[in-house]
Each structure stands twice: as C-alpha cells, then as structure tokens.
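Asker: Submitted below is the structure of interest, expressed as structure tokens.
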Amino acid sequence: MVYIPDVISVDTDLQLRVPMESDAATLFNLVEENRTYLREWLPWLDETTSVQDEVNFIQEQTAKHQTADGSLFIIESLNVGIIGTLSVNQVDHGNLTAWIGYWLDQSHTGRGIMTRAVGALVDVLLVSCGFNRVVIETGVDNLASSAIPLRLGFRQEGRSVQRQWMYDRWVDSFQYAITASEWRANA
Ligand SMILES: CC(C)(COP(=O)(O)OP(=O)(O)OC[C@H]1O[C@@H](n2cnc3c(N)ncnc32)[C@H](O)[C@@H]1OP(=O)(O)O)[C@@H](O)C(=O)NCCC(=O)NCCS
C-alpha cells in the first residue's frame, strides 16, 4: 500500500505536517482571517464556520491519510506557525494518481512559498511514495494558482467547462499534470 508521510520538510523554515485536533482552533482562526480572500477560488468556506467544523475536517482527513486516500497538511513556518494548507484531495490507487490543492494566508503570498511547498509534496509523492501522476486543477482566471504548476514543469492538459460551482457562478478550470518520469527528468 502507498504510504504518505506525516511530516515533509520544505526548507529550513517551512514544513508540511498532518494536523492534530489541537491545531483546529489556530487553523480555523486563519480561515476566519482569510475568509473573504479565499471565497474567490475555494468552494468550501460556508461549510467551515466553527472550530468544531475544523475538528471534524481534521478527523476525516486523518482517517483518509492513514489509508493514503488523501492527506491534509498544514503549512507550518517554524517562525510564524500555521500559514496555510496543502492537501492530497483525491487518490486513484489503481492508476497511482493524486490530485492536490492549496491555500495560503494572504499576508504570506507572493514570496514563492506555495511553489516551494507544492514542489516538496510532489517530490515525495512521485519519488518516495510511488505515485505515477500528480494533477492540479485551477480556475482558468486564477493566475496566481496556475503559475505554480507551470513553474514546476506541469503540462496544461485541458480546460474543463463549468468544473466547479463557486457559491453563485460556474468556474471553468485548467488541468495541469506531471508524471513521475517527467518529474525525474526535470530534477
Ligand atoms: C494560489 C496561492 C496559493 C499562491 O500562493 P503564493 O505563495 O503566493 O504562490 P507563489 O508565490 O509560490 O507563486 C505565485 C506565482 O503567481 C504569480 N502571481 C501572483 N498573482 C498573480 C496575478 N494576479 N497574475 C499573474 N501572476 C500572479 C506570482 O508572481 C508567482 O509566480 P512567479 O514567481 O513565477 O512570478 C495563493 O494566492 C492563495 O492561497 N490563493 C487563494 C486560494 C487559491 O486560489 N487556492 C488555489 C485554488 S486552485
């Protein structure tokens, strides 16, 4: 069975860590501070309205992590604390494919943090965990998000029309993907 580690080092300041229930209040407060910002591109804000919702989400994701059916990682700065999340949202074990998604505290954007964090996770998934393909889907107008897979050498594979209902509108998305052999060749 595929095993996804609990902690992934990104650099000297940043790590990805599977959260504990005791992280729920801090994570929820970060969502609260960024609620308006995140609503533009993430569809789940109305389902996370209390610390208990966050506890429930962490429990669900921890169960998935144990069977490698998904993983919620908090992005943790050793200096600042929790600044966002990076998740394996979906896994196709038969085809060794993982779909990932992410968000970052607005005040920490624009410094390459998510590109480094996604790079570290993709490396672990494709080189250590045995996945063969990683997919990222982004809203077609979400340029900050699309820049991340493009910068990491992912291929844009196509446009999904009306891929996601975003509160009051349909959003088209681009699909980006990279295979293990492509990732190794780029290393
Ligand atoms: C998407 C997100 C995670 C990016 O995090 P980040 O740490 O700022 O990302 P990075 O700094 O690693 O890279 C962002 C890239 O986008 C570019 N960028 C940022 N805003 C941009 C814009 N409006 N237009 C074009 N490019 C933009 C940056 O210049 C950078 O690329 P570069 O280094 O090649 O110049 C963050 O903006 C976020 O959390 N957004 C809200 C939630 C979200 O959209 N999640 C993704 C859903 S698919």
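The values are calculated or read from the model by the stated rules, or taken from the named source; none is laboratory data. Remember, it's a predicted structure, so these values are computed and weren't measured experimentally. Here the Cβ is made from the backbone with ideal geometry for all residues, glycine too, and neighbour counts use every protein chain on show. We work out accessible area using only protein heavy atoms, side chains counted, and drop any ligands, DNA or RNA first. Shrake-Rupley method; radii C 1.70, N 1.55, O 1.52, S 1.80 Å.
Asker: Across segment 67-89, what is the total count of residues that are under 17 Å from the mean Cα position of the chain (by Cα) and not in a strand (DSSP E or B)?
Answerer: The number of residues fulfilling the criteria is 3.
Asker: Taking segment 46-59 as the region of interest, how many residues are within 16 Å of the ligand (Cβ to nearest atom) and touching a residue at least 24 places away in the same chain (Cβ under 8 Å)?
Answerer: 1
Asker: Please find, within segment 119-139, the residue that is farthest from the chain's Cα centre (by Cα) out of those that are crowded, with 16+ Cβ neighbours inside 10 Å and of a type in the set (Gly, Ala, Ser).
Answerer: Result: 139.
Asker: Here's another thing I want to ask about it. With the condition kept exactly as written, say whether any residue in segment 101-119 is assigned to a strand (DSSP E or B) and of a type outside the set (Phe, Trp, Tyr).
Answerer: Yes, the conditions are met somewhere in segment 101-119.
Asker: Please go through segment 166-187 and give me each residue that is part of a helix (DSSP H, G or I) and either closer than 19 Å to residue 115 by Cα or among the basic types (Lys, Arg) (or both), ordered by number.
Answerer: If the condition is that a residue be part of a helix (DSSP H, G or I) and either closer than 19 Å to residue 115 by Cα or among the basic types (Lys, Arg) (or both), then 180, 182, 183, 184, 185, 186 are the ones that fit.
Asker: Which condition number does residue 137 fail, the rest of (1) of a type outside the set (Ser, Thr, Tyr); (2) within 14 Å of the ligand (Cβ to nearest atom); (3) without any contact (Cβ under 8 Å) to a residue 12 or more places away in the chain being met?
Answerer: (3)
Asker: I would also like to ask the following. Mind checking which residues of segment 77-98 are within 20 Å of residue 7 (Cβ to Cβ) and either buried (at least 20 other Cβ atoms within 10 Å of the Cβ) or within 14 Å of the ligand (Cβ to nearest atom) (or both)?
Answerer: 77, 80, 82, 83, 84, 85, 86, 87, 88, 89, 91, 98, listed by residue number.
Asker: Kindly indicate the residue of segment 20-39 that is within 18 Å of the chain's Cα centre (by Cα) and touching a residue at least 60 places away in the same chain (Cβ under 8 Å) and also farthest from the ligand (Cβ to nearest atom) among those meeting that condition.
Answerer: Among them, the one singled out is 30.
Asker: Can you name the residue in segment 166-181 that is more than 19 Å from residue 102 (Cα to Cα) and open to solvent by less than 60 Å² (accessible area, probe 1.4 Å) and is also farthest from the ligand (Cβ to nearest atom) among such residues?
Answerer: 180
Asker: Of all the residues that make up segment 156-187, how many are in contact with a Phe, Trp or Tyr (Cβ under 9 Å, 6 or more places away or on another chain), of a type in the set (Val, Ile, Thr) and within 14 Å of residue 132 (Cα to Cα)?
Answerer: Number satisfying all stated conditions: 1.
Asker: On to the next question. Regarding residue 35, is this residue closer than 21 Å to residue 177 by Cβ, part of a helix (DSSP H, G or I), open to solvent by 20 Å² or more (accessible area, probe 1.4 Å) and not aromatic (Phe, Trp, Tyr)?
Answerer: So residue 35 does not fit the description; no.
Asker: Residue 123 is checked against (1) in contact with a strand residue (DSSP E or B) (Cβ under 8 Å, 6 or more places away or on another chain); (2) under 21 Å from residue 90 (Cα atoms) and fails just one. What number does that condition carry?
Answerer: Evaluating residue 123 over (1) in contact with a strand residue (DSSP E or B) (Cβ under 8 Å, 6 or more places away or on another chain); (2) under 21 Å from residue 90 (Cα atoms) leaves (1) as the failure.
Asker: Got at least one residue in segment 99-118 being of a type in the set (S, T, N, Q), more than 13 Å from the ligand (Cβ to nearest atom), out of contact with any Phe, Trp or Tyr (no Cβ under 9 Å at 6 or more places or on another chain) and on the phi < 0 side of the Ramachandran plot?
Answerer: No, because not a single residue in segment 99-118 is of a type in the set (S, T, N, Q), more than 13 Å from the ligand (Cβ to nearest atom), out of contact with any Phe, Trp or Tyr (no Cβ under 9 Å at 6 or more places or on another chain) and on the phi < 0 side of the Ramachandran plot.
Asker: Separate question: For residues that are part of a helix (DSSP H, G or I) and near the ligand (Cβ under 6 Å from one of its atoms), scanning just segment 140-165, find the one that is surrounded by the fewest Cβ atoms within 10 Å (Cβ to Cβ).
Answerer: Here the residue is 143.
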